[in-house]
Structure formats: C-alpha cells, structure tokens
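Single-structure report; data block below.
The values are calculated or read from the model by the stated rules, or taken from the named source; none is laboratory data. Source: prediction; values computed, not measured. Positions of Cβ are backbone-derived with ideal geometry, glycine not excepted, and every protein chain shown enters the neighbour counts.
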Amino acid sequence: MTSTREERVENALQQLLERLVPPQTSDEDEATADQRWDEANELARNHIDAEPEPGVVEDVNHAANKIKRRLLADGNLEARAKFEGLYSRLLSQPVLGQKWAILYFMLRVAEGREAAVNGHDYVEVDGPDGTDGEEAEGIEDEDEPENERAYDEAFARSGLPRISQSRGPDAPTPPPPLRDRAIPGRSKIQQPPEQAAEAQSNGVGNPPESALLRDLPFTLQGLSSTNLNFSDKQSLKLPAALPVPLISLLHTLAEPSLLYRSLSDYVETPDGGLVSQSLRSAIGLELRSYLRLVATLEGQIRRALSQLDENLPNGGLGKAGVTLKRCVIWTREATLGLRLMSLIVESSRGKKGGELISLIHSFSSSHGDPFVHTFAERLLEHITRPFYNMLRAWIYDGELEDPYFEFFVSESNDYEDSGATSVWEHKYRLQKDMIPTIVTEDFANKVFLIGKSLNFIRYGCADGAWVESYSKDASRELQYGDTALLATSIDEAYKTVMARLITLMEDKFALFSHLQALKKYLLLGQGDFISLLMESLASNLDRPANSQYRHTLTAQLEHAIRNSNAQFDSADVLRRLDARMLELSHGEIGWDVFTLEYRVDSPLDVIVTPWASKQYLKVFNFLWRVKRVEFALSTTWRRLQTGARGVLAAVGDKLGPDWKRARGGIAEMVHFVDQLQYYILFEVIEAGWEGLQKAIKKPDATLDTLISAHTSYLRSITRKGLLGGGAVNFTTQLHELLKLMLAYRDAVDGLYSYSVAEFTRRQDAAARIDTRTRAGRWGITEADEDGAPSPLFPGNTARGGRGGREARADNVDSPIPPLLPLSGSSENNTLDQLRQRLRSLETEFKAKVNVLLGDLAYQPDVDMRFLGVVMNFNEVYEPIRRRRAHGKGREGEGMV
C-alpha cells in the first residue's frame, strides 16, 4: 500500500513538473536544461519531505473565501460561479480528507504563476484588515518561509528567473522566460535585452502607460509615433525600460497594427481581375470600419487622459476606464477580422474569378466559428457582384463580358467560324475548375446552355431582335444570398430560351421537313421515286463510270421527281436534292459511283453535321446497291416468267431441269434481298425515326437534346443496319453476297441466251425440213446431221471443219457475258460450263449465307437475331458460327 502511494505521488509530481517547468529552448544547451529540471525536482521533493507547518489555520472556508476574493478582484464572475459549483462538489466527497490542503495548494500555485508573469518579488496575499491582494500589491510577505518562496520560484511558469540570495551578483543569468522569446510567424517587437531586464527588475515603465495610450491610435493606423516606431513593414520597435506586462499588451496590440499596414498595401495595388478588385474593395470597406473603431478608441483615450490625477497611482488610469488591457479587449474582434483578411489575401495568390469566390465561400460553409462565417458572408456580398454581373449578361443577353477570364464560361481561342456547328460546339466551353462553390455543377451546365442558346439565336439564327426584347423584359438584378430568386430566374430563362430556339428550328427553318426529306430520298423511303429513278438510270449506269455525265444524271433525277409523288414536296426541299458521282476508280461502272446528295445549310447544320451527312451517304450507298440487286433480280425473274410460256417451254426437253434449278436460286436470292430490305427500312429506319420524333416533340427538349437524338438515330441505323463497325464485319459479308447475286443473275442471263439460241436453231431446222418436204426431198440429210451448227456459234459444225475455224475467227465477240469462262467452242462444253457456273455460285451463296446467319444468331440485339430467324424460317440453311484462332486473329469456321 505504501509503495502504491509513493508511486502515485511520484507520478503526480512528474506530471506537475512537466507542466510547470519550461522545456529546453533553442539557445539553451542540454546540460543547463537538465540542471534546471533537477533543481526544480529537488526543491519539490524537499518541500514534500519537510512538510512545513502552514502559516495559517487549516480552515477550508478561509481558503475558499480567499479564492473567491481573487476571482472577484479579477472581475471574472463566470469563473467564480464555476468555482462555487466545484467547491460544493469537493465538500460532498467523503473520500478526500485533505480538502483544505488541496485548496491552499491551488491558491499558492496561482499566486506563484502570477508573480512569475508579472516579474515581481511579491505574491498576492490578504491584507491585515481582510483586503484582497490587489490593494496590498507590492507588500512582501515577511512571514513567508524561505523554502516556500524558493518553492514558488521553482514551480513558476518561467522557471527560476531571479537571482537567488545565496548566489552572488556574478552568477550566470538564467534564460529568459518563454513569453519574452520571439514566436515564429508573429510580428517582431524589437527591445534591447538589457533594457528589458532593467524594466523587469525595476517594475517601473518608461514611458508611462498614459504616454503609450496617447500614441496607441497612431500605432493602430500603422503610423509611427514618439514612443512606438515602425522600423519596417513587419517590425514595431518598443521603447526602452518597459515592464513585462506592458510588453505583453503591446505584443497583442502590435498585431492589428502590422496587419493593417499589410492590408492597406494590398488594397492599393491595382493588379487582378474584377473579382480580385472587388475583394480589394471589400477589404477596404472593412479597413474603414476598423478606422472608425480606432477613431472611437481615440476619443475614449483623449477623454481618459484629460481626467488623469497625478496624485493617484499611475495617474488614475484605472478609474478613468481606459487602459492598455481594455484596449486589447476592445480591439479583439477587429484583430480577428484583420487576421482572417490577411489569411484570405495570402491564400488568394494565384487565384481568380470562381476559384477566389470558392476560397472565401469555404470559410463560410466549412468553418465552425460563427464570427468567421459571418465575416466571410459579408465579404461574399461584395466579392460576388462582378460574378453576378457576368452571369446576368450571359443568361439575358448571351454575351460574355469577361475581360479577365474569370467566368466559368470561356471563348475558345482556336475557334474558327465554319458554320453553325462550329458556333454551337466549339465557340464556347465550360471550365469546371472555375465554377464557384456557391453554385452546383448542374446549375452551371444550365447557365452555360442558356447563354450559348442566346448567342446561337442572335448570330446563328439571325434573330437578334428577339434577344434584345427578351433581355429588356426579363433582365433583373442578381445578388448573393437570394437563392430562391436566382433559381427562379435561371429556370424561367431556361424554359423561355429553349422554347424559342426549338420554335425557330421547327417553324422558321423547317427542321422536321428537312429530316423527313433526308429519310425519303437518302434512306429510300420514297419508293415510287426510287423505282422511277432506277429504271431511268439503268441503261446509263451500266456503262463505265468515266462515260457518265452530270447533266444526264440531273435530267433523269428531274424526270423521276416530276413523275412521282416527290413533285408535291416544297420547292425548298427539292432544290436541295442533287445527283452526283463519287470519286472514280479504274474498272468501275455507273452503279458504283452514283449517289444522291441533300444539301443542308446553316443553322440546320448544327443538327445535320458533316459527320451526319457522311452517315446518310453511307446508308444511301448501301441501300442503293441492295436496290440495284433487287432491280436486277426482278428484271431477270420477269424475263423468266415471260419466256416460260414460249422460248423456255420449247427447249424444256433439254434445259427443263436447269431452269428449274435457276428459278429456285433466283427465288432464294429474291427472298434474301426482300427480307434484308424489309429489316433495314422498317425494323431499323422506321423504329429509329419514331424515337427521333418523340425526342423532338418533348416539352423540355433543347438543341443539345435534338443533336443527341439525331446522332443516336444515325448510330442506330448504321449499327443495326449491319453497317457499323464491331466484332463482325457485316458490311463486307453483305457486299460479297450482293456481288454473288449479280454474278448469278449474269449466269442465268447466259443460260437464257443459250435457250434462245437453241430455240432459234430448232426453228431454223424445222423451217428447212418443211421447205425440203414440200420440194419432195428428204427433210434431214446426212450432211445436216454431220454439220449441224451450234445454237451459239452458227458457223461451227459438229466435226469442226474449215467453216468452224472461220467462224471462230469471225465471231470474236461472244454473246456469253465475260464472267463465263468459256474454254470450249462446242455446244455441249458451253452448256456444261453454264451449269457448273450456276452450281458453284449457288453453293458459294449458301455458304456465305450460313456464315451470316451464324453471326446474326449471336448478336446482342434482338432485332438482328430476328433477321436471321426470318431469313431461315424454313431451316433450309445451316448457320455456321465463326471462331477466332487463338493467337492469330484469323477466323475459322465450325458447325454449330
């Protein structure tokens, strides 16, 4: 138990010494600091071991009354009330037996700390008549034991500041207390150390406090005076022989003086933008308020100095009501404001506009001190005025009034006026780092869209009169703090401007009519027009591309317009439609280079952008090729159906199975093309068109909404229309299939030509037989059987005599299309080649269709999978899924 108590006393003593003994300073060596600690520890232990009898009676109430009188003398009523509560709780504790010792110890510690701070050789004690220590100031306690006085010196806040009586005058001087040392980051107060020591030892200030009060108003304004001089912008020189209490007070009063000097210099600098200048103006207003406080303080000081009485101690300044300590209290709030403004100035270097507003707003929104919050809000009222002026000009006039680039909307430096698209997309941009925290990002985006729309209406749509009228009617003053009015103004401006812009695009510039015209003519929505155009151009487009002429194409286009329902469209729509040729390549024909063009000018080109025009051209070229194949297959099918009742029926005994196979192949290809056209025109284009109409007719639609909807519409067409880039290249597969269909059509035409030639040969043979029979001769002779001419090469004979060689020399131009590789000249060889050609094309077509259906079956889009189902509704094809080879990127094939 004893050891435990000793440990508790030891721990408590060490903690008390750590709090009271100052740590090692920068100009003090470790040995001196250890010696000071050891001396304090030894004195404390001697005092505990000696246990001297106190000079007063152990009376708990007497000790409590002394503490209450001290608190009452200090004027701290709140502390006295708190002490009474703690004193009541102390008396109610039955465990503590030395209640008087606790109170007496705390009282002596307080007296010792005050003596160390003031630098006096006395402590506060009660007078003989019961008066408090303030009235008995300067009277030493003669009855105080020597060891108790040494104990107080050891436990003083400043260590052992005085020369012990046991030491001589030549003993080394202890280090200065912490309060007298320079604090990093604070203003420097210059005072010679020997003068400060003299003032501390004498306890008398020179000049007196009244002289310092007389000079204080000048010091607070940053002006040098008789006793207080500013050696530079960051230093204040104190007069000689000032006591420590006055030095401490002047330290506190020097802070607002130096801060005022630095802030005054900042206010007078003309650098920075409009928001920075507003910050300087707001700080200038606060400095004028500070000067009014200084003027009021100066009046109080003059009134107090006029009431001084030389017979009273210190001239009776305490009774006059004005002291340096009270001046510190009166300037405390102003000092906080100056300190905050100085912090804002230091933090605002390199910031401008919205960044500067965000900096000050952070003090208002995220600081817990109500004074800082109120002060920052007061600054924001002035600083945000240029910002709200720029905001008002942007949302009501569509003009960017930002000469110093402080607004969160900026004009692009590399902007080039190349149409409405460039005005809308590239002229202005939103700088997110300049958006102040007083507004949200969604709010900033809405403001950006309002101003950009007004600017587009003024310059892109040439409707500046409406903008001026709108600005006069709707413009209002915006200011910080009125959040409800600001939100209402932005919402009203947004709705009004967006509605006007959409109305202009729909009514004045007929946006919907032009989009519909693009769908009808470039996406092949006008069926009768496309059919007439293809029929009129078929003979011309079969020729080589270098033989096509612009005026011929234009004439045929006009013919198709006049003879179809396209003639009922407006003249503005028809004049934009034109026919032209793409870049020529060697070996191409007219079908490969022909295209239609629909010209769109400003401001509609903000929606139908150059990228959109390329997408329309891409889709038209693909659909035009599909339509050409359909036209070729339909023409061949009509010829076969017509010839089936005449020419083909006559040669059915020889070519009947071939024509049955050819009709099946043509029907298969026609089915494929019909399903592909239906899917693209109805499942893709019509569905996308319906979504585009819904987006355009939304009540809250904006120009960005229209641009986004039109872009999504074209992307959907190119992606679902098998034209978009992806893991599977459907465009290449479809182009190969279309080429196979045209080649098959040519082979069928070759078979038809063979059938016509066979029919002609038979007609000629029948006519010769009939003629010979009427003449009384044999209808067929041995010479006719040996030299029967070929239906395709009439000059050839079966045995290949001289006539056959001459016929081959004379008939250079073969009626068989060039794609048929005719290696022989006999009738049987030609027919075999035609049959082989048809079979190979049919096999290749089915193989490619199987691959296409396999790719479609594993697409994520349900419409594309359904296209594969429709094409193979009777499961005549066997879809094949292609797999990529590992590490090579080449595609292999495998059955699924």
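For segment 559-586, name all the residues that are more than 49 Å from the chain's Cα centre (by Cα), surrounded by 12 or more Cβ atoms within 10 Å (Cβ to Cβ) and closer than 20 Å to N621 by Cα.
Residues satisfying the conditions are A560, I561.
Residue by residue through segment 523-557, note down the ones that are assigned to a helix (DSSP H, G or I), surrounded by fewer than 20 Cβ atoms within 10 Å (Cβ to Cβ) and among the small types (G, A, S).
Across segment 523-557, the qualifying residues are G527, S531, S536, A538, S539, S547, A555.
Let's see how each residue does on (1) of a type outside the set (V, I, T); (2) not in a helix (DSSP H, G or I):
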position: H559; (1), (2): yes, no
position: R575; (1), (2): yes, no
position: E583; (1), (2): yes, yes
position: V600; (1), (2): no, yes
position: N621; (1), (2): yes, no
position: V626; (1), (2): no, no
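So which residues in segment 674-690 are touching a residue at least 40 places away in the same chain (Cβ under 8 Å) and either charged (D, E, K, R) or in contact with a Gly (Cβ under 6 Å, 6 or more places away or on another chain) (or both)?
Passing the criteria: D674, I680, E683, V684.
Mind listing just one residue for me: the one in segment 720-762 that is free of Cβ contacts under 8 Å to residues at least 24 places away in the same chain and in contact with a helix residue (DSSP H, G or I) (Cβ under 8 Å, 6 or more places away or on another chain) and, of those, surrounded by the fewest Cβ atoms within 10 Å (Cβ to Cβ)?
So the residue we want is G726.
What number of residues within segment 850-864 satisfy the criterion of being out of contact with any Pro (no Cβ under 9 Å at 6 or more places or on another chain) and either at pLDDT 90 or above or hydrophobic (A, V, I, L, M, F, W, C) (or both)?
Residues meeting the conditions: 2.
Take the conditions without any contact (Cβ under 8 Å) to a residue 40 or more places away in the chain and either in a helix (DSSP H, G or I) or under 30 Å from R326 (Cα atoms) (or both) and apply them to I67. Does it pass?
No.
Which residues, counting only those in segment 386-401, are buried (at least 22 other Cβ atoms within 10 Å of the Cβ) and either in contact with a strand residue (DSSP E or B) (Cβ under 8 Å, 6 or more places away or on another chain) or farther than 15 Å from M434 by Cα (or both)?
Result: W394, I395, Y396, G398.
Out of S471, S410, S475, report the one residue that is within 21 Å of L359 (Cβ to Cβ), surrounded by fewer than 18 Cβ atoms within 10 Å (Cβ to Cβ) and among the small types (G, A, S).
Testing whether each residue is within 21 Å of L359 (Cβ to Cβ), surrounded by fewer than 18 Cβ atoms within 10 Å (Cβ to Cβ) and among the small types (G, A, S) leaves just S410.
Please state which one of R628, R715 is over 20 Å from D861 (Cα atoms) and basic (K, R).
R628
Which residues, counting only those in segment 471-491, are under 30 Å from Q693 (Cα atoms) and in contact with a helix residue (DSSP H, G or I) (Cβ under 7 Å, 6 or more places away or on another chain)?
If the condition is that a residue be under 30 Å from Q693 (Cα atoms) and in contact with a helix residue (DSSP H, G or I) (Cβ under 7 Å, 6 or more places away or on another chain), then I490 is the only one that fits.
Determine whether A566 is part of a helix (DSSP H, G or I), modelled with pLDDT of 90 or more and touching a Leu at 6+ places or on another chain (Cβ under 6 Å).
No; evaluated as a whole, the condition is false for this residue.
Check E39, E53, E78, E30 and return the single one that is farther than 18 Å from E111 by Cβ, modelled with pLDDT of 80 or more, in the same structural domain as V109 (by TED's automatic domain parsing) and not hydrophobic (A, V, I, L, M, F, W, C).
E39
Determine if segment 365-377 includes at least one residue that is among the charged types (D, E, K, R) and either crowded, with 18+ Cβ neighbours inside 10 Å or without any contact (Cβ under 8 Å) to a residue 12 or more places away in the chain (or both).
So far as segment 365-377 goes, yes, one or more of its residues are among the charged types (D, E, K, R) and either crowded, with 18+ Cβ neighbours inside 10 Å or without any contact (Cβ under 8 Å) to a residue 12 or more places away in the chain (or both).
What's the total number of residues in segment 411-445 that are polar (S, T, N, Q) and either over 21 Å from Y494 (Cβ atoms) or modelled with pLDDT under 90 (or both)?
The qualifying residues number 6.
Just need a number here: residues in segment 587-598 that are over 49 Å from the mean Cα position of the chain (by Cα) and either outside any loop (DSSP other than H, G, I, E, B) or charged (D, E, K, R) (or both).
3
Please go through (1) at negative phi; (2) touching a helix residue (DSSP H, G or I) at 6+ places or on another chain (Cβ under 8 Å); (3) surrounded by fewer than 20 Cβ atoms within 10 Å (Cβ to Cβ); (4) in contact (Cβ under 8 Å) with a residue 12 or more places away in the chain for A510 and return the number of the only condition it doesn't satisfy.
It is condition (1) that A510 fails.
Any idea which of (1) free of Cβ contacts under 8 Å to residues at least 40 places away in the same chain; (2) touching a strand residue (DSSP E or B) at 6+ places or on another chain (Cβ under 9 Å) is the one R575 doesn't satisfy?
The single condition R575 does not satisfy is (2).
Among the candidates L454, L518, single out the residue that is in a helix (DSSP H, G or I) and either within 30 Å of I589 (Cα to Cα) or among the hydroxyl-bearing types (S, T, Y) (or both).
Only one candidate qualifies: L518.
Any idea how many residues of segment 492-507 are over 14 Å from F443 (Cα atoms), acidic (D, E) and in contact with a helix residue (DSSP H, G or I) (Cβ under 9 Å, 6 or more places away or on another chain)?
1
Can you name every residue in segment 438-462 that is of a type in the set (D, E, K, R) and within 18 Å of L400 (Cα to Cα)?
Hits for segment 438-462 are K446, K452, R458.
Looking at segment 238-343, what helices (runs of 4 or more DSSP H) fall wholly within it and have at least 3 residues that are modelled with pLDDT of 85 or more?
Answer list for segment 238-343: 244-268, 274-305, 324-330.
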